[in-house]
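J.: Supplied in structure tokens, the structure appears directly below.
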Amino acid sequence: MKFFVATTAAAALALAAARTETEYVGPSTKIVANSSEVPPHYPWASVEDFFTQSGVDKDELEVTGRLLCNADSPKEKVYQISDGTQERCFVTYTPTSGATDGPKPVLYFAHGSGGNAAHCGEAKSDQQGNTWLDVADKYGFVFICGEALQYEAINNATNQPLHGGLWEIPEVFTDNSGAKCDTSDSFDNQYMKNLVAQLAKEPEQFDTSRFFVTGCSMGSAFTIWQSPCLHQLDNVNVSAFSSHSTGLKKKGDGLRFPPDTYNPQYSWGECPECQYWPTTVQENQGLKACVFDNTADPNEQEPTFYTSSKQFVTAWNAKGNRQAETHWGTGGHCDIHSYIDIATCLDDGTGRLIGK
């Protein structure tokens with residue numbers, strides 16, 4: 001399997017030394033994927049890195065079998081679970097103090113494409129200088145880093161391995177498909193069910209009746225898909241979720257999304273059977289949507305992801321859901337203005353996440 005990357009090895013190595021695993025880089029050095037320019041993530045692979053104009057299918061990628069979850073402090077713990085097919089993992093970060101006593105509420109974070117659960121919550125500070133762990137310490141909630149199944153391939157330009165996680169979000173969503181929350185629809189449905197079940201074994205630590213979901217980029221797509229699915233379950237209570245830097249793709253809307261991991265000759269939402277991605281928006285009573293994005297996402301000339309976030313809000317509100325709370329800022333892809341603002345939106349003045 002070959003990957004045709006329009007950049008030199010020296011340039012890729014220089015980029016790798018200058019940024020974090022999945023940080024969006026500027027326009028100076030890019031690869032071409034699905035007929036649109038996208039940033040490289042060497043050696044951590046994004047969807048764009050894996051699926052270029054070579055037309056590689058996901059079936060050709062190697063599942064590494066590696067679990068990259070790790071605990072960097074006594075506050076962190078690694079859990080291993082199954083998704084029904086593969087061994088998977090997640091990391092919990094539990095503050096020793098905070099606004100809540102006893103079992104603590106849970107905020108689940110879904111990383112972007114190419115990510116993993118190593119160094120949980122520390123990878124990127126917001127514009128206030130806070131990490132998610134700082135916010136968890138401040139308010140006393142448990143922060144969880146999920147980890148997508150990890151894949152590997154060879155970068156043809158550098159002959160170095162590309163490796164990273166891709167969430168198993170279903171490909172086809174239509175007006176008749178439903179939200180695709182069954183385990184037969186995706187092994188990530190089973191992963192999330194098993195994660196919640198694992199937390200429920202420690203009720204003195206984790207309060208799964210106060211469970212929240214957030215993510216950015218492909219993690220935002222995962223959040224938009226999974227939150228209504230979790231909202232349906234009996235053993236967990238998801239009252240709010242927050243998205244950032246990816247919203248709703250509608251077939252034919254002109255938005256150039258990354259390659260569809262099932263059929264990379266198409267972008268997400270543009271396969272022959274597709275109507276939407278990453279979900280079919282439905283009515284979800286009792287579920288709040290917090291939608292964050294920036295007006296230059298991914299750039300001022302073509303704010304594709306920002307437009308998709310606005311499109312998701314329109315679809316969400318039109319289904320009779322509680323009107324989404326929106327936060328539009330300046331900046332680009334996954335530029336987070338304030339994690340506290342996200343937590344505050346999720347809490348919604350109830351004290352369920354950050355106390356009163």
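J.: Against the condition over 14 Å from N284 (Cβ atoms) and open to solvent by less than 50 Å² (accessible area, probe 1.4 Å), how does K249 come out, does it pass?
T.: yes
J.: Something else: Could you tell me how many of the residues in the range 192-251 are assigned to a loop (DSSP other than H, G, I, E, B), of a type in the set (V, I, T) and over 19 Å from G165 (Cα atoms)?
T.: From the range 192-251, those assigned to a loop (DSSP other than H, G, I, E, B) are 201-205, 216-217, 232-237, 245-248, 251; that's our starting set.
Of the ones still in play, those that are also of a type in the set (V, I, T) are 236, 246.
Cutting the leftovers down to over 19 Å from G165 (Cα atoms) gives us 236.
Of the residues in that region, 1 qualify.
J.: Just name the residue that is most open to solvent (accessible area, probe 1.4 Å) out of those in the range 58-75 that are in a loop (DSSP other than H, G, I, E, B) and closer than 30 Å to Q265 by Cβ.
T.: Across the range 58-75, the extreme among qualifying residues is R66.
J.: Of the residues that sit in the range 288-329 and are part of a loop (DSSP other than H, G, I, E, B) and among the small types (G, A, S), which one is most open to solvent (accessible area, probe 1.4 Å)?
T.: G320
Quick grid of which residues meet (1) polar (S, T, N, Q); (2) closer than 21 Å to S239 by Cβ; (3) without any contact (Cβ under 8 Å) to a residue 24 or more places away in the chain; (4) open to solvent by 20 Å² or more (accessible area, probe 1.4 Å):
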residue: S97; (1), (2), (3), (4): yes, no, no, yes
residue: S113; (1), (2), (3), (4): yes, no, no, no
residue: G121; (1), (2), (3), (4): no, no, no, no
residue: N130; (1), (2), (3), (4): yes, no, no, yes
residue: V142; (1), (2), (3), (4): no, yes, no, no
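J.: May I pose another question? Looking only at the range 76-90, which residues are farther than 22 Å from D185 by Cα and open to solvent by less than 20 Å² (accessible area, probe 1.4 Å)?
T.: Correct list: E76, Y79.
J.: Could you tell me which of the residues N321, N317 is in contact (Cβ under 8 Å) with a residue 24 or more places away in the chain, more than 16 Å from S220 (Cβ to Cβ) and polar (S, T, N, Q)?
T.: N321
J.: Does S184 count as out of contact with any strand residue (DSSP E or B) (no Cβ under 7 Å at 6 or more places or on another chain), surrounded by fewer than 17 Cβ atoms within 10 Å (Cβ to Cβ), modelled with pLDDT of 95 or more and closer than 18 Å to K288 by Cβ? Spell out the reasoning first.
T.: Details: out of contact with any strand residue (DSSP E or B) (no Cβ under 7 Å at 6 or more places or on another chain): yes; surrounded by fewer than 17 Cβ atoms within 10 Å (Cβ to Cβ): yes; modelled with pLDDT of 95 or more: yes; closer than 18 Å to K288 by Cβ: no.
It is false that S184 is out of contact with any strand residue (DSSP E or B) (no Cβ under 7 Å at 6 or more places or on another chain), surrounded by fewer than 17 Cβ atoms within 10 Å (Cβ to Cβ), modelled with pLDDT of 95 or more and closer than 18 Å to K288 by Cβ.
J.: Tell me which of these D137 doesn't satisfy, since it passes every other one: (1) touching a Pro at 6+ places or on another chain (Cβ under 7 Å); (2) open to solvent by less than 10 Å² (accessible area, probe 1.4 Å).
T.: (2)
J.: Quick one: which of L195, L166, L162 is within 24 Å of T280 (Cβ to Cβ), of a type in the set (A, V, I, L, M, F, W, C) and modelled with pLDDT under 95? Don't jump to the end; show me each part of the working.
T.: Numbers: L195 fails: modelled with pLDDT under 95; L162 fails: within 24 Å of T280 (Cβ to Cβ).
Criteria check complete, one pass: L166.
J.: List, please: which pairs have Cβ atoms under 8 Å, are six or more places apart or on different chains, and start with a residue in the range 339-352 that is within 14 Å of R210 (Cβ to Cβ) and end with one that is open to solvent by less than 10 Å² (accessible area, probe 1.4 Å) and in a helix (DSSP H, G or I)?
T.: A343/V135
J.: Something else: Of everything in the range 99-111, what is within 22 Å of Q226 (Cβ to Cβ) and open to solvent by less than 30 Å² (accessible area, probe 1.4 Å)? Give them in sequence order.
T.: K104, P105, V106, L107, Y108, A110, H111
J.: T279 passes all but one of (1) touching a Pro at 6+ places or on another chain (Cβ under 8 Å); (2) assigned to a loop (DSSP other than H, G, I, E, B); (3) open to solvent by 10 Å² or more (accessible area, probe 1.4 Å); which number fails?
T.: Answer for T279: the failing condition is (3).
The values are calculated or read from the model by the stated rules, or taken from the named source; none is laboratory data. The structure presented is a predicted model; accordingly, all values stated were derived computationally and were not measured. Every residue, glycine among them, receives a Cβ derived from its backbone with ideal geometry; neighbour counts consider all protein chains shown. Note: areas computed on protein heavy atoms with side chains; ligands, DNA, RNA excluded. Shrake-Rupley method; radii C 1.70, N 1.55, O 1.52, S 1.80 Å.
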